[in-house]
Amino acid sequence: MPNNKIEDILKSFNPEKGEVPFSLFIDNEIYELELATVFKKSWLFLGFENMIKYPGDYFTTTMGEVPVIVTRDQNNQVRVFLNFCIHKGMKLCRATQGNSQFFRCPYHGWTYSNDGKLVGVPYYEPAYVNNLDIEKQGLIAVPNVKLYKGTIWASLAEKPKPFDDFLGDMKLYLDLIFDMFEGNMEVYGGIHRWLLPVNWKIPLENFAGDAYHAPFTHASAVSIGLRGAYGNNVRILYPGEGHGIVSVPGGLARKAVDIDALTPFRDRLSKAVETLSQKYGEFVKNMFPFGPLNVFPNFSMHFTWNYIIFRVWHPRGPTLTELQGGILVFSDMPEETKRQILRRALHEFGPAGVLEQDDAEVWSKISENGVSIRKGSIDPKLIYTRGLGMDVEAEKVLGKGAKGRIGEYYSDVSLRGFYSTLKKYLTGEE
């Protein structure tokens, strides 16, 4: 049951009215409740199947703060285990990725095959012969794993919501991206990881629906010719279930400086528009590629004419987030095109990316300011009322086949949806 402080915060948390207490981004009690509800019960994105192409391939990541190993066993089955030796609790695998048929604990040498079975216990005889049944022991498996069109998801809940229900109408928009690859989706250039001094929810707002910040936070991107001028044609799409999409008619960055080597990538997107609009509807032509999006709770993508980046915002504390991200390319594109896409993406997003540096500076100051404000026991309500009550069915704006609700220019409609869903988890309704 929530304690009195949490109860007071939740009483002032009215996302349907556009009211979000600042404490939601600062207070440890809320953070701990999020780990126990949102990150315990929701489906979480773990990675792409391309990251573990061959038997023995693995990578490590977290679900909330829970460390896990994602591996493809010798029978080609994708498995997810807690990164935890059942003997004494040591973190079993400390590498971020690799290939191995076995995982051996560095503490006492207990060894597990990559299908989770305990296969080696040093000095088993005579001390363990009558006290440890090896065949009944093994790694702790994450109970729910879902492979979906080249992506890997999992849930720590005993009985999570069905995956299709969890995605809701967001499934349509993810399908547009994943179907476009026709099985040739590749994570290129590895996974980048770094820490940001900010609550995990603030960065994802930029992907879920806060395009409003761009003309101001990234004003210099226009003056140096990195992007065309920002217009007021940015529409925010709320597909439900806490997800969000920033829909940019004509696609983001089309007016940016051309790079010849990116032409094969842009040609593939243009071809995909024709194919996907025939399959899903004319609305595809109005929003493809559609810019940033976020799948509740913490998986983001940014889909432009120049690149597709992805981000997972891993919570590490009330004001600390570990960003893990990379880029997606067509695996059968020329190598030079892949390299140029990576360069272009890193130039804008990444530890030294021009745009992500802009964002990170703002995010860190929000945290810094927030900690100081909360020391005074002050909890202002932040304002998410932009476009309140003005959203309409997406099909009326984007065309036949579109799903969800779409707001006015730079609306907060999807952010209100995100926080409404978050509140359901915090209060036990989800």
Kyte-Doolittle at least -1.0, axis length at least 27 Å by Cα - qualifying DSSP helices, the chain: 354-375
Per-residue SASA entry for Lys53, accessible area with 1.4 Å probe, Å² rounded to 10: 110 Å²
Dipole of the chain, positive end: most advanced residue of Ala157, Leu167, Gln77 [Cβ charges, Cα centre]: Gln77
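Relative contact order, percent, of the stretch 135-225 when contacts are C-alpha pairs under 8 Å separated by at least 6 residues? Numbers along the way, then the final one.
Details: 32 pairs, mean separation 14.6, N = 91.
Relative contact order here is 16 percent.
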Nonlocal amide H pairs with Met185, under 5 Å, H built at 1.01 Å: Ser331
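Hey, what did the stretch 22-173 get for relative contact order, percent, Cα under 8 Å, at least 6 apart? Before the final figure, lay out each step's value.
Working: 266 pairs, mean separation 35.1, N = 152.
Relative contact order, the stretch 22-173: 23 percent.
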Separation in nanometres of the label points that stand 7 Å from Cα toward Cβ, at Ser420 and Asp133: 5.1 nm
Whole-number percent relative contact order across the stretch 297-430, with pairs defined as alpha carbons under 8 Å at least 6 apart: 12 percent
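Lys159 to Val222: FRET efficiency via 1/(1 + (r/R0)^6), r the Cβ-Cβ distance, R0 51 Å, to the nearest 0.05?
Values: r = 49 Å, r/R0 = 0.97.
The formula returns an efficiency of 0.55 here.
Can you tell me which of 192-205, 364-377, 64-77, 268-281 comes out highest on packing, and rank the rest after it, using the mean Cβ neighbours within 10 Å?
192-205, 64-77, 268-281, 364-377
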Between the stretch 80-135 and the stretch 1-39, the alpha-carbon center distance in angstrom: 39 Å
3J(HN,Hα) from dihedral phi, the stretch 42-47, Karplus parametrisation 6.51/-1.76/1.60, rounded to Hz, x for glycine, proline: 7, 6, 10, 6, 10, x
The stretch 317-430 shape via C-alpha gyration tensor axes, a/c threshold 1.5: oblate
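Please state, rounded to one decimal and in Å, the Kirkwood hydrodynamic radius that the chain gives when every pair of distinct Cα atoms enters the mean of 1/r. If you can, show how the numbers build up before the last one.
Details: mean 1/r = 0.0438 Å⁻¹.
For the chain, inverting the mean 1/r across all distinct Cα pairs yields 22.8 Å.
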Cross-link partners of Lys91 among aspartates and glutamates (Cα-Cα below 20 Å; sequence separation of 8 or more within a chain): Asp57, Glu65, Asp73, Asp115, Glu322
Cross-link table Lys88/Lys424; Lys271/Lys403; Lys40/Lys381; Lys365/Lys423, entries beyond 30 Å C-alpha to C-alpha: Lys88/Lys424
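The values are calculated or read from the model by the stated rules, or taken from the named source; none is laboratory data. Please read these numbers as outputs of a predicted model, since none were measured by experiment. Cβ atoms come from the backbone with ideal geometry, glycine included; neighbour counts cover every protein chain shown. These accessible areas exclude ligands, DNA and RNA; they are computed on the full protein's heavy atoms, side chains included. Shrake-Rupley method; radii C 1.70, N 1.55, O 1.52, S 1.80 Å.
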